[in-house]
Amino acid sequence: MYYGKKPLGRRVFEVINYTLILLVCVVTLFPFLYVLACSFSSDTAILGGDVTLWPVEFQTRAYELVLEYPLIGRSYLNTIAYTVVGTAVNLLLTLLGAYPLSRKDLPGRKGITFFFTFTMLFSGGLIPTFLVVKALGLIDTFWVMILPTAVSTWNLIMMKTFFQATPVSLLEAARIDGSSEWGTLVRIVLPLSIPSIMTIGLFYAVSHWNDYFQAMIYLNTPENYPLQIHLRDIVLQNSMEQQFASMQQGQRQGSEGVKYATIMFATVPILCVYPFIQKYFVKGVMLGSIKE
């Protein structure tokens, strides 16, 4: 702690530090604010490059076109369901796999870890995976969006590292007090690992929310589509309409703004989750990275 006037070097450091942080914030926020402004601007202003951080010729037609699209509400509910259930299944299986692997007394621990790590480098490919999913009867079902990606090996290894940061003496004390392995996991390890669980959960949730390719491969019924598929259809549909009607009078306005409105539709809901877990995020990322 500094008392009185700060040294010159300290003041210069703080000025440079705050300036760099401010620049990073500006660079980070500008694309988001630009997309938000374009979503409320007219096509003419967007194509003319007149939009910066404030809407030009304010209009809401782009959002109206998105909301008018059939099944957009259903797709929102589907995406929320896929995200919530999928994240819960991901965390459950990741925790059940990472905790035993974090225990040095687990028989065959190195061999099991090797098999998990092997899947990060080699896989069967898209066609064999599709055939397996089809043989299991998961095509065009709710669970096809969850079970094929139930565990991420990278997140499993991260969680294993987090668990290894738990003091061994604490686990031994629990065992002496008569706690079972399940009791130790539920009452001691998990409460101490809340930051890491929230961090891994955020990674899983964002992955499910943005999942596009898996839905395109495995889902056939529009009623089962997640939000991303319908937003893609909206963008393609309005782009085609704009091309065919570009030379006609009375062209539907909002076609260009739809591209930006769909980005806001896809980004804002999952973005609203971050403030609630931000306090855990930095601690969760750093936990286990430094050994004492």
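The values are calculated or read from the model by the stated rules, or taken from the named source; none is laboratory data. The structure displayed is predicted, hence computed values, not measured ones. Here the Cβ positions follow ideal geometry from the backbone for every residue, glycine too, while neighbour counts run over all protein chains shown. Accessible surface is based on the protein model in full, side chains and every heavy atom, while ligands, DNA and RNA are left aside. Shrake-Rupley method; radii C 1.70, N 1.55, O 1.52, S 1.80 Å.
Considering only the stretch 207-230, state which residues are touching a Pro at 6+ places or on another chain (Cβ under 9 Å) and either among the charged types (D, E, K, R) or more than 20 Å from residue 267 (Cβ to Cβ) (or both).
Passing the criteria: 211, 218, 219, 222.
What are the residues in the stretch 223-274 that are modelled with pLDDT of 80 or more and surrounded by fewer than 14 Cβ atoms within 10 Å (Cβ to Cβ), if any?
223, 268, 271, 272, listed by residue number.
Which residue out of 93, 20 is modelled with pLDDT of 85 or more and under 28 Å from residue 197 (Cα atoms)?
Unique residue meeting the criteria: 93.
Quickly run through the stretch 152-176 and pick out the residues that are open to solvent by 60 Å² or more (accessible area, probe 1.4 Å) and either touching a residue at least 40 places away in the same chain (Cβ under 8 Å) or β-branched (Val, Ile, Thr) (or both).
Of everything in the stretch 152-176, those that are open to solvent by 60 Å² or more (accessible area, probe 1.4 Å) and either touching a residue at least 40 places away in the same chain (Cβ under 8 Å) or β-branched (Val, Ile, Thr) (or both) turn out to be 164, 168, 176.
Residue 102 - would you say it is within 23 Å of the chain's Cα centre (by Cα) and either farther than 30 Å from residue 263 by Cα or touching a residue at least 24 places away in the same chain (Cβ under 8 Å) (or both)?
no
I need a count of the residues in the stretch 140-150 that are part of a loop (DSSP other than H, G, I, E, B) and either open to solvent by 60 Å² or more (accessible area, probe 1.4 Å) or acidic (Asp, Glu) (or both).
Number satisfying all stated conditions: 1.
From the list 28, 87, exactly one residue is among the hydroxyl-bearing types (Ser, Thr, Tyr), open to solvent by 50 Å² or more (accessible area, probe 1.4 Å) and within 20 Å of the chain's Cα centre (by Cα). Which is it? Working first, answer last.
Details: 87 fails: open to solvent by 50 Å² or more (accessible area, probe 1.4 Å).
Every option except 28 fails the conditions.
Considering the stretch 64-81 alone, what residues qualify as being among the charged types (D, E, K, R) and either touching a Leu at 6+ places or on another chain (Cβ under 6 Å) or open to solvent by less than 90 Å² (accessible area, probe 1.4 Å) (or both)?
64
Could you tell me whether any residue of the stretch 101-120 is open to solvent by 70 Å² or more (accessible area, probe 1.4 Å) and either hydroxyl-bearing (Ser, Thr, Tyr) or within 30 Å of residue 220 (Cα to Cα) (or both)?
Yes, that holds for at least one residue.
Of the residues that sit in the stretch 181-206 and are among the β-branched types (Val, Ile, Thr) and over 22 Å from residue 271 (Cα atoms), which one is surrounded by the fewest Cβ atoms within 10 Å (Cβ to Cβ)? Spell out the reasoning first.
Taking the stretch 181-206 as the starting set, the residues that turn out to be among the β-branched types (Val, Ile, Thr) are 184, 186, 188-189, 194, 197, 199-200, 206.
Of the ones still in play, those that are also over 22 Å from residue 271 (Cα atoms) are 184, 186, 188-189.
Values: 184: 21, 186: 12, 188: 17, 189: 20.
By that ranking, first place goes to 186.
When residue 115 is evaluated against the numbered criteria (1) out of contact with any helix residue (DSSP H, G or I) (no Cβ under 9 Å at 6 or more places or on another chain); (2) in a loop (DSSP other than H, G, I, E, B), which criterion, by number, is the only one it fails?
(2)
From the set of residues in the stretch 31-63 that are in contact with an Asp or Glu (Cβ under 8 Å, 6 or more places away or on another chain) and polar (S, T, N, Q), which is surrounded by the most Cβ atoms within 10 Å (Cβ to Cβ)?
Within the stretch 31-63, the match that is surrounded by the most Cβ atoms within 10 Å (Cβ to Cβ) is 41.
Contact list please: Cβ distance under 8 Å, first residue in the stretch 179-196 and closer than 19 Å to residue 101 by Cβ and among the β-branched types (Val, Ile, Thr), second residue surrounded by 13 or more Cβ atoms within 10 Å (Cβ to Cβ) and modelled with pLDDT of 85 or more, pairs at least six apart or on different chains.
Once the first residue is closer than 19 Å to residue 101 by Cβ and among the β-branched types (Val, Ile, Thr) and sits in the stretch 179-196, its partners that are surrounded by 13 or more Cβ atoms within 10 Å (Cβ to Cβ) and modelled with pLDDT of 85 or more give 189/99; 189/163.
What's the number of the condition residue 220 fails, among (1) open to solvent by 30 Å² or more (accessible area, probe 1.4 Å); (2) modelled with pLDDT of 85 or more; (3) of a type outside the set (Asp, Glu); (4) in contact with a helix residue (DSSP H, G or I) (Cβ under 9 Å, 6 or more places away or on another chain)?
Evaluating residue 220 over (1) open to solvent by 30 Å² or more (accessible area, probe 1.4 Å); (2) modelled with pLDDT of 85 or more; (3) of a type outside the set (Asp, Glu); (4) in contact with a helix residue (DSSP H, G or I) (Cβ under 9 Å, 6 or more places away or on another chain) leaves (4) as the failure.
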